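Some notes on the structure that comes next.
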Protein chains: 4
Amino acid sequence: MISFNGIFPPLPTSFDDKENLSPEKIQYNIRALSHYPLAGFLILGSNGELVMLSEKEKTEAYHAARQAIPEGKIMLAGTGGQSTRETIRLTAEAARAGADAALVLHPFYYKGLMDKEALMAHYHAVAESSEIPVLIYNMPANSGMDLGADMILAIADHPNIIGLKDSGGNLAKMGQVIGQSKPGFQVLAGSAGFLLPALSLGAVGGILALANIAPDECIQIYKYFLDGKLPQARKLQQQMIPPNTAVTRQWGVPALKAAMDHLGLYGGPARQPIQPMKPETKNKLFEILQHAGIQPIKP
Amino acid sequence: MISFNGIFPPLPTSFDDKENLSPEKIQYNIRALSHYPLAGFLILGSNGELVMLSEKEKTEAYHAARQAIPEGKIMLAGTGGQSTRETIRLTAEAARAGADAALVLHPFYYKGLMDKEALMAHYHAVAESSEIPVLIYNMPANSGMDLGADMILAIADHPNIIGLKDSGGNLAKMGQVIGQSKPGFQVLAGSAGFLLPALSLGAVGGILALANIAPDECIQIYKYFLDGKLPQARKLQQQMIPPNTAVTRQWGVPALKAAMDHLGLYGGPARQPIQPMKPETKNKLFEILQHAGIQPIKP
Amino acid sequence: MISFNGIFPPLPTSFDDKENLSPEKIQYNIRALSHYPLAGFLILGSNGELVMLSEKEKTEAYHAARQAIPEGKIMLAGTGGQSTRETIRLTAEAARAGADAALVLHPFYYKGLMDKEALMAHYHAVAESSEIPVLIYNMPANSGMDLGADMILAIADHPNIIGLKDSGGNLAKMGQVIGQSKPGFQVLAGSAGFLLPALSLGAVGGILALANIAPDECIQIYKYFLDGKLPQARKLQQQMIPPNTAVTRQWGVPALKAAMDHLGLYGGPARQPIQPMKPETKNKLFEILQHAGIQPIKP
Amino acid sequence: MISFNGIFPPLPTSFDDKENLSPEKIQYNIRALSHYPLAGFLILGSNGELVMLSEKEKTEAYHAARQAIPEGKIMLAGTGGQSTRETIRLTAEAARAGADAALVLHPFYYKGLMDKEALMAHYHAVAESSEIPVLIYNMPANSGMDLGADMILAIADHPNIIGLKDSGGNLAKMGQVIGQSKPGFQVLAGSAGFLLPALSLGAVGGILALANIAPDECIQIYKYFLDGKLPQARKLQQQMIPPNTAVTRQWGVPALKAAMDHLGLYGGPARQPIQPMKPETKNKLFEILQHAGIQPIKP
């Protein structure tokens, strides 16, 4: 059974200055981040602009990531589409490229129709057909839907569905899922903003945008927690909230990419219609990073 | 300048019982509905499961529709994607297939980043590159975002953006857009639930799921209104609200398809994870149709 | 049976510059507005800062209004509280003061518990005990809840519940309520932003914040509609949307009061924590009023 | 400086079977719960049906509570109203009755007007005039508004505002408030659903509906945490989520009162329009309590 203990960065997808996919830059970032004791990488999550890519580009991105991710590090691949057939197809592509597990965002466009029955049918069909294990992905800020504990527990009732990334930050729900799910079901925090509280409830780790630019700090919170050094964990957790907010809820993907450029990784542009950061906002961002003590990525 | 006066059905996309695209069934429905004095057809709107189709299928659907839509009837094509480049590409495909105008749902996945500036840049880039005129499409129930009047007016400020389909039902906003937009800007009601109130404010027509199954009634409300027969318009409008609710907000696409099967058109399945209607719900739906006096489609 | 045909201003509650209740100023405004052919007045609605008043002040306000409202004009009184017993008590106070009908905002603090059963029990208990007829009041922007058509129709099923003020602006719902409610049930638009569309669906009139400062225009839209002069009605309706937005959704009660001061009525302060308008915002407001052609109140 | 370390039950307000206030039953519950090492009691929070009471009843409830709360236990009093003047008056009443601190729910009816400036003015005026210290109370599920970290930090900038009860469950926000507020500012979890995660971030305790019926368990989670026994804390936390959900978000005040009756305290009815629990739902509730191992209150 694959273990997701630890910290995973959800890689942004790299584009050149004409917004064309740059597999080389994706690999450059993976290689640079591989110097840190991260548990693995997620390719094509929300920070990876999954919904911005063509069918062909998604496959290219899976392959590019796999080639660069070192042995012993887990490759998670985002494969959720709006239809069950597209999700099955993407999950098979990811498996073929060598992903270790698929992170499946639920369909959400037809919100009114996505009840427990529909989502169970969807996830179970995907899990049934997939050669790699499946994790549920709940991301209310983008999808406009929030999967409840009951729904998640019902979906989780398939042997090939082995975990959950929850980016919603409802910790009572997370506690309920951890407490009532089958043995071995692994829950991952979806944002560094609530990493420590999630660990305190039994989450096994996190898939954290912030881990792209502050891998040491994210790993350190996790280690302090494991070592029972709660005051230190709490202090570092509090320190990481402002930079995390800056690259997620506040300014999002372009801020994450600007921070990566600033710290020695490749950021580059996000795809239009996402706008580049304005210079004055970028300066505020850099001050927040500095104030939080975030250092350049090690060469 | 193309005129959108009148009633348009947003065609569901037809799938066979293996959920494969069936261009023939799309054409069958168009031909059957062409016996009614509809202004034209929308292919690949929200009812057309746009987000469920592969890139190739979208192009096939545009071509299938164009071949069946008679001369003199307008072909509107849904072409909105999450990235500007995908939207430009789809709009060009639709133009190549012979669409008369593109209906562009705004990007919405990165809700927090889709401010006025980003959406203006998006729409203006699409309009600039498109050979056919562009209409804005606001659909809050599915997108999880609601474009405000100020945003719509700013986006509308491009010569190749000529109208709006608003499915949100905020009539004060619709009135503000109609009152303050450039001369010739055409606003279309996005749901039969508020067709008459929208016409009373100056909307030129409607793109109405209900027009797939009750074309006569939708057209009649429009005509009564034009002829100043408000009491008759109001009575028919009120009568059409329950069946409209049933095939939209309440039970959605599978109900629309079930109603089409019931009334002599081709409905067929929606794509998974959308579930088929349960028999007892289907019976309730048919009672609602009957109670509203909706007749089978003319042969 | 009392008829609510026509236009009603929901009076702001007047306070002196120490924020004490000023019955005289309430009466001053009523007398000034009584020169216009308004159908009546609402005292203690959302614009009347109902939730800001002590128990004693509410009773004083009912009495002050009744003394000033001329014979032949209807007095509506807002009497909704969070508990059934308080609502019954307030409704009895309003009746004792001489109100013709009570406008009852539903309880909303315990949102999760306010289901159809609870609200039916509430409204029916109030209607049962009340000597004056009761209207339902739906105000989602303030209450954080939106009563659906089914719920309204269930509540309306009591002989002493005779109408609805809906400020939500969902016209499809309004159409359904009008089409399916018992004979004689009277629906009133709750905002001038959608007066004409509501009338087109069968609403009998409106309770409109804007009617405090533009009574002529609100009445004129209504008359144009009755006379079948739809183009004129539409033009005036569109013209009234910006000033209506300004004194409602955009800047609210302090803007309404500032506009009243500006136009020759008594506005005065709103109660803290509502802040006074900033001078520059006030200037924008006055420009909007001027641009819409709104004139000082007749002496 | 008063310390809020520990666990506080927010007492339901007791009514007899005619829904009249029963000060004796309030005191009975306080005396029974005083056998447990609770830090104190909150009278008139959301569970205390604050919005359901008359002005006179609120004062009576404050006095009743004070008489029964033993020396050495803190008395917190809910005193938030919609106007600043009412909140000042209620806070003075609570102080006069002997409350140790006031828990002030923010005004929320005029949501659109309750910006940072208005709420700062409100809280600072209350804090300025109050003889007892003030805590901010954020309760989005009932108020329909969610105070952000920036707003809370701005409000907290007054020497007499010394803490926060947050019932929203956004732990990233809670972490930001704890990390950035002035020294000595005390944050309390507002629900047992996220007690442990809140403690892990630096919260000093909790005001927990569940502490009315499971005081031992709530105190035990807190103690395990203080003693560094995280696995035990986590297990008990997970166990308490279902009963907590049952008496809060799922079935609310009537479930809390039914559970109190069931476990040997006085529950009694909630005020109408809150409906009594149906027998079959009550049985489900009792099963959940039993399954979680919750014992009758000690005599």
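The values are calculated or read from the model by the stated rules, or taken from the named source; none is laboratory data. Predicted model, so just to flag it, every value in this text is computed and none were measured. A quick note on method: Cβ atoms are made from the backbone with ideal geometry, for glycine too, and the neighbour counts reach across all protein chains shown. All accessible areas refer to the heavy atoms of the entire protein, side chains included, with ligands and DNA or RNA removed. Shrake-Rupley method; radii C 1.70, N 1.55, O 1.52, S 1.80 Å.
Observations
- 12 Å Cα-Cα reach of B:K73 towards aspartates and glutamates, excluding residues that sit fewer than 8 places from it in its own chain: B:D100
- Pairs from C:K165/C:K223; C:K116/D:K278; B:K25/C:K173 whose Cα-Cα separation, in the structure shown, is over 25 Å: B:K25/C:K173
- Only Cα pairs under 8 Å and 6+ residues apart enter the sum, and on that basis the relative contact order of chain C stands at 18 percent.
- Per-copy distances of the D:R31 label point, shortest first, in nm (7 angstrom along Cα→Cβ): 6.0, 7.8, 8.8
- Other protein chain C-beta atoms within 10 Å of residue C-beta, averaged over B:237-243: 5.
- Hydrodynamic radius (Kirkwood) for region C:231-276, which is based on Cα pairs only, to one decimal in Å: 11.6
- Chain pair C, D: total accessible area buried, heavy atoms, 1.4 Å probe, Å²: 3300
- Ligands, DNA and RNA left out, the accessible area of region C:6-234 computed with a 1.4 Å probe is 50% carbon and sulfur.
- Backbone HN-Hα couplings from phi across region A:32-37 [Karplus 6.51/-1.76/1.60, Hz, Gly and Pro as x]: 5, 6, 6, 6, 9, x
- Packing, as the average of other Cβ atoms within 10 Å across residues, places the peptides C:73-82, A:95-104 in the order C:73-82, A:95-104, highest first.
- Placing one equal scatterer on every Cα of chain D and applying the Debye formula, the log10 ratio I(q)/I(0) at q = 0.07, 0.16 Å⁻¹ is -0.23, -1.34.
- Distances in nm from A:E55 to the matching label points in the other copies, shortest first (labels 7 Å along Cα to Cβ): 0.8, 7.0, 7.1
- Interchain or long-range residues, amide H under 5 Å from D:I132's placed H: none
- FRET efficiency for A:K298 and D:Q250, using Cβ-Cβ distance with R0 set to 45 Å, rounded to 0.05: 0.40
- Working from label points 7 Å from Cα in the Cα-to-Cβ sense, the A:Y28 to D:H291 distance is 5.4 nm.
- Karplus-derived 3J(HN,Hα), 6.51/-1.76/1.60, for each residue of region B:56-64, Hz, glycine and proline x: 5, 5, 4, 4, 4, 5, 4, 5, 4
- Taking amide H as placed 1.01 Å from N in the peptide plane, the amide H of A:G78 sits under 5 Å from that of A:I43, A:L44, A:G45, A:L103, each at least 5 places away or on another chain.
- When only Cα pairs below 8 angstrom with a gap of at least 6 residues are kept, region C:48-147 shows a relative contact order of 25 percent.
- Cβ charges +1 (Lys, Arg) and -1 (Asp, Glu), total dipole of the protein assembly as shown, debye: 0
- Shielding value for D:137-144 is 3, the average number of Cβ atoms from other chains within 10 Å of each residue's Cβ.
- Panel note: contact residues of region B:262-278 (accessible area lowered by at least 20 Å² against the chain on its own; 1.4 Å probe) correspond to B:R271, B:Q272, B:P273, B:I274, B:Q275, B:K278.
- Across the protein chains, with a 1.4 Å probe defining accessible surface, the residues D:K284, B:K298 rank D:K284, B:K298 from largest area downward.
- Based on protein heavy atoms only, the protein assembly as shown ends up with 34 Å² per residue of surface accessible to a 1.4 Å probe.
- Relative contact order computed over region A:172-248 (Cα-Cα under 8 Å; 6+ residues apart), in percent: 29
- Sorted peptide list for D:254-260, C:23-29, criterion being average Cβ within 10 angstrom, highest first: D:254-260, C:23-29
- Part-to-part distance (alpha-carbon centres) for region B:253-288 and region D:213-252, which is given in Å: 47
- Annotation: amide H-H contacts under 5 Å for B:G163 (H modelled 1.01 Å from N, sequence separation of 5 or more, or interchain): B:I136, B:Q186.
- 10 Å Cβ neighbours from other chains, averaged over peptide A:103-112: 5
- Closest approach to the D/C rotation axis among chain D Cβ atoms, residue and whole-Å value: D:G144, 1
- Sorted shortest first, the distances from the D:P159 label point to those of the same residue in the other copies are 6.6, 6.8, 6.9 nm; each point sits 7 Å from Cα along Cα-to-Cβ.
- Alpha-carbon centroids, region A:156-202 and region C:27-43: separation in whole Å: 60
- Sequence-distant lysines (8 or more away, or on other chains) whose Cα lies within less than 17 Å of D:K18: D:K257
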